[in-house]
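This report refers to the structure that appears directly beneath it.
The values are calculated or read from the model by the stated rules, or taken from the named source; none is laboratory data. Being a predicted model, the structure only gives us computed values, none of them experimental. FYI the Cβ positions are ideal-geometry reconstructions off the backbone, even for glycines, and counts take in every protein chain you see. To get the accessible areas, we keep the full protein, side chains included, count just its heavy atoms, and leave off ligands, DNA and RNA. Shrake-Rupley method; radii C 1.70, N 1.55, O 1.52, S 1.80 Å.
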Amino acid sequence: MKELVAQINAQYEVFAANAAAQVEKGNKAAGTRARKAALELSKLMKEFRKVSVEAAK
């Protein structure tokens, strides 16, 4: 589970950096990367929820 949390943190950093580049500089390519990172982050969050519920049992 620690590894999953580390992956979530790393993916969030990628998202935050690219989202900031899109907002501040108008970088369209960064927007695409941010959306891709957000999709991956969503998948990781679903996996975290599954693992967390299983650990709570």
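What the table below lists for this structure:
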quantity: Lys pairs under 24 Å by Cα in the chain, provided they are eight or more residues apart or on distinct chains; calculated: 12
quantity: Simple Cβ-charge dipole of the chain, Lys/Arg +1 and Asp/Glu -1, about Cα centre, in debye nearest 20; calculated: 200 debye
quantity: The chain - mean residue ellipticity at 222 nm from DSSP helices (-39,500 (n - 2.57) per run, n ≥ 4, rounded to 500); calculated: -33000 deg cm²/dmol
quantity: Per residue, in Å², the accessible surface of the chain once ligands and nucleic acids are set aside, probe 1.4 Å; calculated: 79 Å²
quantity: Translational diffusion coefficient (Stokes-Einstein; Kirkwood radius from C-alpha pairs) of the chain at 25 °C, 0.890 mPa s, in µm²/s; calculated: 205 µm²/s
quantity: Dipole of the chain, positive direction: furthest Cα of Thr32, Gln7, Val51, with charges on the beta-carbon; calculated: Thr32
quantity: Carbon and sulfur %, accessible surface of the chain computed with the full protein complex present, 1.4 Å; calculated: 58 percent
quantity: Length gained when the stretch Ala55-Lys36 is fully extended (0.36 nm per residue, less Cα-Cα span); calculated: 4.0 nm
